[in-house]
1. Which of (1) 62; (2) 70; (3) 51 is the computed percent of Cα pairs over 17 Å apart for the structure on display?
2. Among all the lysines, which ones have a C-alpha under 25 Å from residue 73's C-alpha, if same-chain residues fewer than 8 places away are not counted?
3. Calculate, for residue 55 and residue 27, the FRET efficiency according to 1/(1 + (r/R0)^6) with r their C-beta to C-beta distance and R0 41 Å; round to the nearest 0.05.
4. Given labels modelled 7 Å from the Cα in the Cβ direction, how far is it in nm from residue 11 to residue 101?
5. Mean separation of Cα pairs under 8 Å and 6+ residues apart, divided by the residue count of the chain: what relative contact order is that in percent?
6. Using a simple charge model, +1 on the beta-carbon of Lys and Arg, -1 on the beta-carbon of Asp and Glu, nothing else, what dipole does the chain show about its Cα centre, in debye to the nearest 20?
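Only the coordinates and a few stated rules stand behind these numbers; no lab work does. Here the structure is a predicted model, which is why all the values come from computation and not from measurement. With ideal geometry, Cβ positions are generated from the backbone for all residues, glycine too; neighbour counts draw on all protein chains shown.
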Amino acid sequence: MDIIKIIGVGLISLIIIVIVKQYRPEFVIYVSIMAGVLILSLVLGKLGAIIDLLTSLSNKTSINNEFLVLLIKITGIAFLTEFAVSICKDSGETAIASKVDIGGKVLIISMSIPIIASLLETILRILP
């Protein structure tokens, strides 16, 4: 049960943060970052299995593999952006967090243009 490990890391990190905040508040961000990296590493194994499943399904259907790669990259950008935004907010830098968030959204939109264009072409072919 990986969720128990993730919840355990989160709760133990929370307890450590509460204790460390009383004596050395400047170290709280480091504990938060380490907890985030540890949880991310626990999840990465599952992401590999999901990517393998999507690839095998893509090979069985007529879905363009380039679109699958783009969707995986877009999902990765979304996860990493959210991780960075959370770290920025945890450290009290909401202005930087909002800029990172906007940057991630712009990258996602720019990467999704080929998918949107293909979808629009398909719709135009269907319409009379």
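1. (2)
2. Cα-Cα hits under 25 Å: 46, 60, 89, 99, 105.
3. Details: r = 42 Å, r/R0 = 1.02.
According to the calculation, E is roughly 0.50.
4. 3.0
5. On the way: 63 pairs, mean separation 24.5, N = 128.
The normalised contact order for the chain reaches 19 percent.
6. Values: 10 positive and 9 negative charges, 18 e Å.
Dipole magnitude for the chain comes out near 80 debye.
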